[in-house]
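A short write-up of the structure that comes next.
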Amino acid sequence: MKSFRRVVITGVGAVTPIGTSAAGLWDGLAARTSAVRTITRFDPSPFRSHMAAEIPDFRPQDHLDAKRAKRLDRFSQLAVTSARLALADAAIEPRKEDGDRVGTMMGSALGGVAFAEQQVPQYLAHGPRGLDASLALAVFCGAASCNIAIEFGCTGPNATNAMSCASGTIAVGEAFHVVRDGRADVMLAGGAEAPLAPLTFAAFSNIRAMSTRNDDPARASRPFDRARDGFVMGEGAAVLVLEERGRALARGARIYAEVVGHAYTNDAYHMTAPRPDGRQAARAMQLALADGDVAPAEVGYITQRFHRDDRHQAGLRRSRLPSHRQRHEGLLRPCAGGERRHRGRDLRARVVAGLAPPHDQPREP
């Protein structure tokens, strides 16, 4: 029987509306201050929703070679910068690594769509010759993992999935399996998104998916709240360094957490709404627990993206994980949470490693 290797997280890199780097992200969460504001990237007045979580201070030239930064669109700039920050946090120097044993897995819902949208006026005004030469290579989601690999010489397993809100978590889970199975020793994994452009914004606004609480942007993102009226779009990227545990210990690395299991399913029900009975959500949880040989009672924190808490509860009941009531009674603390309240929803799922982040309780639970 094949024995599996243990996998730990040794680096965190992030560029988000509430902070940059692992320390900046944590400080932003601890401050409990929303990054959601009236959008400034373009005029939002034609749309039902007027707000977003924008990164206010990102300067790609601070993190990337000037020529490299100019060749990459914002989506790839965020991805590569987060990977660089994660490697630095893990104290790993890519040039000293065997590139064949280092890989990249990323997730993104929309890739370089905002950059492509910016090119439309150039095409209309000047024809094909007016387009940026990098457009074809920037617009696809795979640009995230490919540009990270090019930047740091990672010639191991490489892929980017585009499964929307779940894409980042799927990327981390797949990277975990790559290291556990021995196909790589180090994996960079996470998600990146830069969707803030009028056409994309309008598309989500038209399907009434986004909050219209324009008079109170800071309180518009309110998961688990009865008064929730939609999500708030945001931008950002986050990358984790996943590493074989023995190797990490041998080099004296700081270990944030150990990854022990991963699984995912599909509702095959609706493009945006989850199954009311929570069946497939429960099965995903059960498969993940089995993958990590973990009992439901051992779970101490749950984070999720469901639109309505009753559907989350249905999944928890089927999976035999403790309910909100049990957690509130002290059997497990802290309770389920959603850090998206502070930074908006950037369309890629996220993984909280190590400590549970601070989160506000619903105003109308």
> Here are some conditions: (1) out of contact with any Phe, Trp or Tyr (no Cβ under 8 Å at 6 or more places or on another chain); (2) surrounded by fewer than 22 Cβ atoms within 10 Å (Cβ to Cβ). GLY168 meets all but one. Which one does it not meet?
Replying inline: (2)
> Mind checking which residues of segment 54-74 are more than 25 Å from MET233 (Cα to Cα), not in a helix (DSSP H, G or I) and not acidic (Asp, Glu)?
Replying inline: LEU64
>> It is to be established whether one or more residues within segment 109-121 are closer than 30 Å to VAL179 by Cβ and of a type in the set (A, V, I, L, M).
In response: yes
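Mind telling me which of the residues ALA88, ALA83, ALA109 ends up being touching a helix residue (DSSP H, G or I) at 6+ places or on another chain (Cβ under 8 Å), surrounded by fewer than 24 Cβ atoms within 10 Å (Cβ to Cβ) and among the small types (Gly, Ala, Ser)?
Unique residue meeting the criteria: ALA109.
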> Does at least one position in segment 136-144 carry a residue that is modelled with pLDDT of 95 or more, more than 20 Å from TYR264 (Cβ to Cβ) and not acidic (Asp, Glu)?
Replying inline: yes
> Taking segment 78-97 as the region of interest, how many residues are free of Cβ contacts under 8 Å to residues at least 40 places away in the same chain and either on the phi > 0 side of the Ramachandran plot or assigned to a helix (DSSP H, G or I) (or both)?
Replying inline: 1
> What residue, of ALA237, ALA248, is assigned to a helix (DSSP H, G or I) and either within 29 Å of ALA83 (Cα to Cα) or in contact (Cβ under 8 Å) with a residue 40 or more places away in the chain (or both)?
Replying inline: ALA248
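Scan segment 267-326 for residues that are of a type in the set (Val, Ile, Thr) and either assigned to a helix (DSSP H, G or I) or at pLDDT below 80 (or both) and jot them down.
THR303
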> If you check ARG48 against the conditions, is it part of a loop (DSSP other than H, G, I, E, B) and more than 22 Å from SER221 (Cβ to Cβ)?
Replying inline: no
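The values are calculated or read from the model by the stated rules, or taken from the named source; none is laboratory data. Quantities reported herein were computed from a predicted structural model and do not represent experimental measurements. Neighbour counts run over all protein chains shown; Cβ positions are idealised from the backbone, glycine included.
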